[in-house]
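Here is the structure we will look at.
The values are calculated or read from the model by the stated rules, or taken from the named source; none is laboratory data. Remember, it's a predicted structure, so these values are computed and weren't measured experimentally. Cβ atoms come from the backbone with ideal geometry, glycine included; neighbour counts cover every protein chain shown. For the accessible areas, the whole protein counts, side chains as well, though only heavy atoms, and no ligand, DNA or RNA atoms are used. Shrake-Rupley method; radii C 1.70, N 1.55, O 1.52, S 1.80 Å.
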Amino acid sequence: MEMNNIIVFAPCAVFVITLLIQIGVFARSSELLSLKAEMLEYVAKNYLSKDIYADNHKSLQEDLTQMRQDIADVKNLLITIVTKNSSNN
């Protein structure tokens, strides 16, 4: 009984596998390697590594902290100048 099933369905299975190969469902190793190379190139070109991002983020945070301190110093200086001018009048 099982041998009859194999004999009946084998041509259909061969047809389906042949069709899938022809339409390119199965990738060849050379195609996968070229796709991998393209993807690696794209990622290297368009994305940063986590370490570089962390370093740049830390540097940016330090710069912002320094800018806030400088702005606070300028504000205090202006308040001092305005206060002196107000007390002189």
Restricting attention to the stretch 71-89, which residues are exposed (fewer than 10 other Cβ atoms within 10 Å of the Cβ) and of a type in the set (Gly, Ala, Ser)?
Ser86, Ser87
Looking at this structure, is Ile7 part of a helix (DSSP H, G or I) and open to solvent by less than 100 Å² (accessible area, probe 1.4 Å)?
no
Can you give me the number of residues within the stretch 28-70 that are open to solvent by less than 100 Å² (accessible area, probe 1.4 Å) and of a type in the set (Ser, Thr, Tyr)?
6
Determine which member of the set Lys45, Lys58 is of a type outside the set (Gly, Ala, Ser), under 13 Å from the mean Cα position of the chain (by Cα) and in a helix (DSSP H, G or I).
Lys45
